[in-house]
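Asks: Encoded as structure tokens, here's the structure I'll be asking about.
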Amino acid sequence: MSNPSDTFDLADSADLAELAPLAEPAELIDLSMNESPYAPLPSVQAVVEKAVAQLHRYPPHTAAGLVTALAQRLDAPAEEILVGPGSAGLCQNLIQSLGPQRRQVVYPELSFEAYPLMVFNTGSQPVPVPLTGYAHDLDAMAAAVTEDTRCVLVCNPNNPTGDVLRTEQLAAFLDRIPSEVLVIIDEAYREYVTDPEAADGLALRQGRDNVCVLRTFSKAYGLATLRVGYALAPAAVAQRARMTGLVFYPGGLGQVAATASLRPEVDQELLTRCAANAEARTRLAESLRALGLPVAPSQTNFLWAPIGAEAENLAARCRAAGILVRPYPGLGVRITIGSAEANERLLAVASAG
């Protein structure tokens with residue numbers, strides 16, 4: 001087993017040399033936003049640089065090229081595919097398109113902090129269901145569904161706890177939800193998953209007419225600033241969402257970058273990057289545990305430290321040292337996996353506490 005005090009350094013691997021993380025600004029390291037520390041995938045960046053010459057043109061509002069590429073890559077009908085400004089934007093769009101006959105939205109709590117805002121923005125009624133440990137309480141979520149339920153949100157892997165639902169768990173849950181209630185599975189961090197038993201929403205939606213899956217190019221693909229996500233939804237649901245979100249299509253560079261990211265030759269670049277994240281994730285978690293901090297198992301590009309009342313104190317100490325982490329007051333701290341330098345500086349702060 002590796003020494004838990006070590007931190008992963010991409011420079012140790014010749015294969016990963018060209019994927020070295022971007023250097024953070026000397027005055028601040030941001031480990032609060034779950035961004036990738038890496039530059040865009042090299043082959044994708046080259047395509048985007050060429051497309052800059054078309055900045056004076058409006059992008060296709062149907063994003064037909066990207067939709068076609070997704071349909072081919074995912075072996076899915078184009079009419080079931082939505083693209084939009086990130087998976088979060090698509091999630092709110094979907095919730096809005098399902099109303100107003102049913103008002104309630106069931107979602108896990110603690111989970112993605114934007115879910116309550118999405119519910120509020122769509123005029124829906126929130127039905128938060130507390131986690132059990134780090135995981136969704138699927139029994140309680142199923143029990144919370146009523147005749148007034150508009151949809152159910154599932155975050156897998158969960159943000160901020162990093163927990164992942166297994167295939168049998170999620171399949172059994174989906175089978176308990178009435179067919180007229182849409183289940184939106186948010187898989188923004190799916191590319192980082194290494195657990196072979198983790199549920200795959202794209203596989204589970206087969207044969208189920210009430211399941212929608214969200215994914216994004218913002219995280220593992222490193223295109224956060226371009227804000228491009230996609231959804232696979234039942235055709236009728238997709239059509240309603242397409243109309244309510246008609247003016248919120250991705251920009252031209254985003255469409256070009258996302259389409260380029262789907263090319264087969266990009267796969268190895270992505271796999272290499274995600275393998276680096278998994279290695280760094282393991283090493284950072286072991287190092288923090290060796291310092292006495294509790295760290296939850298993670299299948300994402302971040303770690304959850306459930307330190308309760310100490311959350312704000314640790315965040316303040318990190319900030320004083322030029323590092324941003326995401327505190328959840330009274331609960332814990334979410335820490336994004338950064339570059340080797342960023343991880344080392346974080347450990348220095350943690351060890352000084």
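Asks: Given GLU269, GLU286, which one is over 17 Å from TYR192 (Cβ atoms) and of a type in the set (Asp, Glu)? Outline the logic, then answer.
Replies: Values: GLU269 fails: over 17 Å from TYR192 (Cβ atoms).
Of the residues listed, the single one that is over 17 Å from TYR192 (Cβ atoms) and of a type in the set (Asp, Glu) is GLU286.
Asks: Could you list all residues from the stretch 24-57 that are part of a loop (DSSP other than H, G, I, E, B) and among the basic types (Lys, Arg)?
Replies: ARG57, the sole residue that qualifies.
Asks: Being in a strand (DSSP E or B) and either more than 26 Å from THR336 (Cα to Cα) or touching a residue at least 24 places away in the same chain (Cβ under 8 Å) (or both) is the filter here; which residues of the stretch 129-183 pass it?
Replies: ALA135, THR149, ARG150, CYS151, VAL152, LEU153, VAL154, CYS155, ARG166, LEU182, VAL183
Asks: Looking only at the stretch 233-247, decide whether some residue is part of a helix (DSSP H, G or I), within 20 Å of the chain's Cα centre (by Cα) and farther than 21 Å from ASP200 by Cα.
Replies: For the stretch 233-247, residues part of a helix (DSSP H, G or I), within 20 Å of the chain's Cα centre (by Cα) and farther than 21 Å from ASP200 by Cα: absent.
Asks: Looking at (1) part of a helix (DSSP H, G or I); (2) of a type in the set (Gly, Ala, Ser); (3) touching a strand residue (DSSP E or B) at 6+ places or on another chain (Cβ under 7 Å); (4) within 23 Å of LEU165 (Cβ to Cβ), which is the one condition that is false for ALA203?
Replies: If we test ALA203 against (1) part of a helix (DSSP H, G or I); (2) of a type in the set (Gly, Ala, Ser); (3) touching a strand residue (DSSP E or B) at 6+ places or on another chain (Cβ under 7 Å); (4) within 23 Å of LEU165 (Cβ to Cβ), just (3) comes out false.
Asks: Scan the stretch 251-298 residue by residue and report those that are assigned to a loop (DSSP other than H, G, I, E, B) and under 20 Å from GLY229 (Cα atoms).
Replies: GLY251, LEU262, ARG263
Asks: Something else: Do we have any residue at all in the stretch 311-331 that's under 25 Å from ARG166 (Cβ atoms) and crowded, with 23+ Cβ neighbours inside 10 Å?
Replies: The answer is no, given that none of the residues of the stretch 311-331 is under 25 Å from ARG166 (Cβ atoms) and crowded, with 23+ Cβ neighbours inside 10 Å.
Asks: Please tell me if VAL119 is in the same structural domain as GLY86 (by TED's automatic domain parsing), in a strand (DSSP E or B) and of a type in the set (A, V, I, L, M).
Replies: no
Asks: Sticking with this structure for a sec: Is it fair to say LEU303 is at negative phi, assigned to a strand (DSSP E or B) and touching a residue at least 40 places away in the same chain (Cβ under 8 Å)?
Replies: Yes; evaluated as a whole, the condition is true for this residue.
Asks: Restricting attention to the stretch 319-343, report how many residues are free of Cβ contacts under 8 Å to residues at least 40 places away in the same chain and either in a helix (DSSP H, G or I) or touching a Leu at 6+ places or on another chain (Cβ under 9 Å) (or both). Talk me through it step by step, then tell me what you get.
Replies: If we filter the stretch 319-343 for residues that are free of Cβ contacts under 8 Å to residues at least 40 places away in the same chain, which is where we start, we get 319-321, 327, 329-330, 333.
Subset that is either in a helix (DSSP H, G or I) or touching a Leu at 6+ places or on another chain (Cβ under 9 Å) (or both): 319-321, 327, 333.
Total satisfying the criteria: 5.
Asks: Taking ARG326 as meeting all but one of (1) among the charged types (D, E, K, R); (2) within 23 Å of ALA114 (Cα to Cα); (3) out of contact with any helix residue (DSSP H, G or I) (no Cβ under 9 Å at 6 or more places or on another chain), write down the number of the exception.
Replies: Failed condition: (3).
Asks: Could you pull out the residue among PRO37, PRO60 that is surrounded by 19 or more Cβ atoms within 10 Å (Cβ to Cβ), within 30 Å of LEU153 (Cβ to Cβ) and at pLDDT below 95?
Replies: PRO37
Asks: If you don't mind, another one. Go through (1) at pLDDT 95 or above; (2) buried (at least 18 other Cβ atoms within 10 Å of the Cβ); (3) touching a helix residue (DSSP H, G or I) at 6+ places or on another chain (Cβ under 6 Å) and name the single condition VAL145 misses.
Replies: Of (1) at pLDDT 95 or above; (2) buried (at least 18 other Cβ atoms within 10 Å of the Cβ); (3) touching a helix residue (DSSP H, G or I) at 6+ places or on another chain (Cβ under 6 Å), only one is false for VAL145: (3).
The values are calculated or read from the model by the stated rules, or taken from the named source; none is laboratory data. These numbers were taken from a predicted model, which means no experiment stands behind them. Reconstructed Cβ throughout: ideal geometry from the backbone, glycine too, with neighbour counts over all protein chains shown.
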